[in-house]
Amino acid sequence: MQIFAIDLGGTNCRAAIINSDGSIEGRRQRPTPRAAGGPEIAELMARMAAELRADALKITAAGVAVPANVTSDGILRRLPNLPALEGAKLGDLLEQKLAVPVAVENDATAAAIGEAWVGVSSGVENSVLVTLGTGVGGGIFVNGTPLRGLDGGAAKIGHITVEPDGHPCGCGSVGCVEQYASAPALIRLASEQGLEVESARELFELWQAGDEKAAAAFVAIGRYLGIMLGSVVNTLNPEMIIIGGGVSASWDAFIEPLRREIKLRAFPEPAARARVVRSKLGDDAGMIGAARSALVTLLGQ
Ligand SMILES: [Zn+2]
């Protein structure tokens, strides 16, 4: 059985055919037209599916990962980077074009599903995934089931407050950890140290060269993440915390302060139990998880 899987990002739309063992068969990537509404996005996805089908691949269902809250009715809400999709029923639109059932999942939840299926948390029933990229996303597994919430709004751990009067956040609150641990936040924290860099990668290279200001910026994001995760450990008592996203490439620079902060703030047994590990599937986690979501929710696999 083969699933057409798509990860709709703010920058790129990535698609692939995923086999029922989680392996990837064919890939496509297109820039995301950021001003496009539901029908246009569904058309783009259908074209990518047609190209993959032309490679003689058959699909039974489709799974889509989106940077949105997905309501139980399949309505997309809260897409600051793709505002024209607000309120769209993307799954229904795509279903009409592909003539197969479509599952739609929040992207970070999809990544957590992917990791739990064939990634680093395979066999782990209670886990928390954090993605560090343009924003800070979260996916939570409780007793083997993804936690979605009544409005598709669960697991938004990137919007846990770490500075009560802190930096304004796109969500409307202030001082969210997303404003202290995302790639743009890292560049801002470096700037506050008097270091002007273009990217998280550039800052990591400075860290590797022994730059003290770069080190201070990474200690800061490690601390902020650890403050947030200490509360998450106290709330959920998970077995594993998985860290993914582009900024996780700087793992060595921030992981010690992060672990130290969890130990400082969470109860001792849950803090000792929660293993903090790197994502195994990387950028493919969302696509693979969207496919798994289709297999489970549509096909009862
Ligand atoms: Zn926020």
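Observations on the model:
- With respect to the conditions (1) more than 18 Å from Asp107 (Cα to Cα); (2) within 13 Å of the ligand (Cβ to nearest atom), Leu195 falls short on a single one, namely (2).
- Tally, over region 152-183, of residues that are touching a residue at least 12 places away in the same chain (Cβ under 8 Å) and either under 18 Å from the mean Cα position of the chain (by Cα) or not in a loop (DSSP other than H, G, I, E, B) (or both): 21
- Residue within region 114-121 that is surrounded by fewer than 24 Cβ atoms within 10 Å (Cβ to Cβ) and either within 16 Å of the ligand (Cβ to nearest atom) or in a helix (DSSP H, G or I) (or both) present: yes
- Residue count for region 188-208, restricted to those that are in a helix (DSSP H, G or I) and closer than 19 Å to Asp252 by Cβ: 11.
- Residue in region 20-76 that is surrounded by the fewest Cβ atoms within 10 Å (Cβ to Cβ), counting only those that are assigned to a strand (DSSP E or B) and of a type in the set (A, V, I, L, M): Ile24
- Residues in region 115-142 that are in contact with a Pro (Cβ under 8 Å, 6 or more places away or on another chain) and of a type in the set (Ser, Thr, Tyr): Ser127, Thr134.
- Residue within region 212-233 that is within 15 Å of the ligand (Cβ to nearest atom), more than 23 Å from Ser121 (Cα to Cα) and modelled with pLDDT of 95 or more present: yes
- Count of region 273-299 residues which are within 30 Å of Gln208 (Cβ to Cβ), open to solvent by 10 Å² or more (accessible area, probe 1.4 Å) and assigned to a helix (DSSP H, G or I): 3
- Scanning region 135-154 for residues that are away from the ligand (no atom under 13 Å from the Cβ) and surrounded by 18 or more Cβ atoms within 10 Å (Cβ to Cβ) yields Gly139, Ile140, Phe141, Pro146, Arg148, Gly152, Ala154.
Let's see how each residue does on (1) crowded, with 24+ Cβ neighbours inside 10 Å; (2) over 15 Å from Gly138 (Cβ atoms):
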residue	(1), (2)
Ala209	no, yes
Ala216	no, yes
Arg223	no, yes
Ser231	no, no
Met240	no, no
Gly245	yes, no
Trp251	no, yes
Glu261	no, yes
Glu269	no, yes
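- Annotation: Ala108 fulfils all but one of (1) out of contact with any helix residue (DSSP H, G or I) (no Cβ under 9 Å at 6 or more places or on another chain); (2) under 23 Å from Leu44 (Cβ atoms); (3) within 16 Å of the ligand (Cβ to nearest atom); (4) of a type in the set (A, V, I, L, M); the unmet one is (1).
- Qualifying residues in region 122-134 (those that are of a type in the set (A, V, I, L, M) and assigned to a strand (DSSP E or B)) - the one farthest from Gly244 (Cα to Cα): Val128
- Members of region 155-189 that are open to solvent by less than 20 Å² (accessible area, probe 1.4 Å), closer than 22 Å to Gly286 by Cα and either away from the ligand (no atom under 11 Å from the Cβ) or among the hydroxyl-bearing types (Ser, Thr, Tyr) (or both): Ala155, Ala181, Ser182
- A count restricted to region 142-169 and to residues that are touching a Leu at 6+ places or on another chain (Cβ under 8 Å) and under 10 Å from Thr109 (Cβ atoms) stands at 2.
- Here Leu298, Leu258 are screened, and the one residue that is under 22 Å from Val120 (Cα atoms) and within 23 Å of the chain's Cα centre (by Cα) is Leu258.
- Index of the failed condition, Arg14 passing every other in (1) open to solvent by 20 Å² or more (accessible area, probe 1.4 Å); (2) in a loop (DSSP other than H, G, I, E, B); (3) under 19 Å from Gly135 (Cα atoms): (2)
The values are calculated or read from the model by the stated rules, or taken from the named source; none is laboratory data. Remember, it's a predicted structure, so these values are computed and weren't measured experimentally. When we count neighbours, we look across all protein chains shown, and the Cβ atoms used for this are built from the backbone with ideal geometry, even at glycine. All accessible areas refer to the heavy atoms of the entire protein, side chains included, with ligands and DNA or RNA removed. Shrake-Rupley method; radii C 1.70, N 1.55, O 1.52, S 1.80 Å.
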